[in-house]
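Novice: Please see the structure below; I have some questions.
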Amino acid sequence: MVLLRAVNRPLETLRGLIEAVGNGDFSIATSTYPSLSGEFRRIADSVRAMAAGLRERDTIKRAFSGYISRQVLDAIIAKGELPALKGERRRVTVLFADIRGFTSMAEAMPPEEVVQVLGEFFDRMVEVILRYQGTIDKFLGDGMMVIFGAPLDDPYQEEHAVSAACEMQKELRSLCAKWEAEGRARLKMGVGINSGAAVVGNIGTAEHMEYTAIGDAVNLAARLESATKELGVEIIVSEHTYSAVRSLFRWKPAGEITLRGRSEPVRAYTVEV
């Protein structure tokens, strides 16, 4: 019985350590267990080292999840190595969104309030984008670039992009109602969407890289977003995207738009939110 108790107590301690790690509690990495000795101490040290490694990986994952898409981050962690500097040509749907007149408005606001407003805005928008399987390419001051269909294939990328744009406008209206109650001004947002072939991959250097898409399809989406201000509409969709989802939303023809940097006009459509 004495021998059984001498073995059972350390085993109970080790079981508690392993259960804590299994539940995601990595605080044991800094704990000490003076009651353990011999082989039990060595096993406990191994469990603590494992918890330290898992805590470090979890910290890195949470830190970088704010900068790169969850899909890319999960792929990096699963593969266990940094991605190579290479790209591939594939069909994607690109969404650009930008707050109208925010720069002039921000000049009259305290810096802390500017950060707070943008933080609330991006919180709502990012939640919608991830819900529709979008990848946040980058934040552009008071706007953003989003890719649908990469890095993971998405056969419904056009539908997801347009649905996300409509949902983003609804979320902004909800935010504006809240801001008006707080004495702040309403904001408007323009969204441009285009589908087409683009080079998608990790671009940069070995020390600093980003996952992005480049090509005419991306440039056209950015130009369409800029045109929303001139036309006074919330969302403009190119004919390339429209042709894939024409039966799923209510549309209004925007006619042929002459965009900066393009010699020929582009046929586009607006969607009713």
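The values are calculated or read from the model by the stated rules, or taken from the named source; none is laboratory data. Note that the coordinates shown come from a computational prediction; the quantities given were computed from them, not determined experimentally. Here the Cβ is made from the backbone with ideal geometry for all residues, glycine too, and neighbour counts use every protein chain on show.
Novice: (1) of a type in the set (G, A, S); (2) assigned by TED's automatic domain parsing to the domain that holds F249; (3) modelled with pLDDT under 90: which one isn't true of A78, the others all being true?
Specialist: Failing condition for A78: (2).
Novice: Moving on. Within segment 115-127, count every residue that is surrounded by 21 or more Cβ atoms within 10 Å (Cβ to Cβ) and either outside any helix (DSSP H, G or I) or without any contact (Cβ under 8 Å) to a residue 60 or more places away in the chain (or both).
Specialist: So the answer is 1.
Novice: Can you name the residue in segment 132-141 that is outside any strand (DSSP E or B) and in contact with a Ser or Thr (Cβ under 9 Å, 6 or more places away or on another chain) and, of all such residues, is nearest to L224 (Cα to Cα)?
Specialist: Initially, segment 132-141 is screened for residues outside any strand (DSSP E or B), giving 132-133, 141.
With in contact with a Ser or Thr (Cβ under 9 Å, 6 or more places away or on another chain) added as a condition, the list becomes 132, 141.
Working: Y132: 21, G141: 18 Å.
Checked segment 132-141; the qualifying residue nearest to L224 (Cα to Cα) is G141.
Novice: Then there's this: In segment 142-154, what residues are touching a helix residue (DSSP H, G or I) at 6+ places or on another chain (Cβ under 8 Å) and either among the aliphatic types (A, V, I, L, M) or closer than 16 Å to S226 by Cα (or both)?
Specialist: D142, G143, M144, M145, V146, L152
Novice: Would you please list the contacts, defined by Cβ atoms under 7 Å and residues six or more apart or on different chains, that run from a residue in segment 163-179 that is assigned by TED's automatic domain parsing to the domain that holds Q133 and assigned to a helix (DSSP H, G or I) to a residue that is acidic (D, E) and surrounded by 16 or more Cβ atoms within 10 Å (Cβ to Cβ)?
Specialist: Hits for this filter: Q169/E234.
Novice: Can I ask one more? I need the full set of residues from segment 139-162 which are modelled with pLDDT of 90 or more and either of a type in the set (V, I, T) or at positive phi (or both), in order please.
Specialist: V146, I147, G149, V162
Novice: From the list T212, T228, which one is buried (at least 20 other Cβ atoms within 10 Å of the Cβ), over 22 Å from the mean Cα position of the chain (by Cα) and modelled with pLDDT under 95?
Specialist: It is T228.
Novice: Shifting gears a bit: Please determine whether any residue of segment 220-227 is within 23 Å of R124 (Cβ to Cβ) and basic (K, R).
Specialist: So far as segment 220-227 goes, no, none of its residues is within 23 Å of R124 (Cβ to Cβ) and basic (K, R).
Novice: Which one of these does G183 not meet: (1) on the phi > 0 side of the Ramachandran plot; (2) at pLDDT 95 or above?
Specialist: (2)
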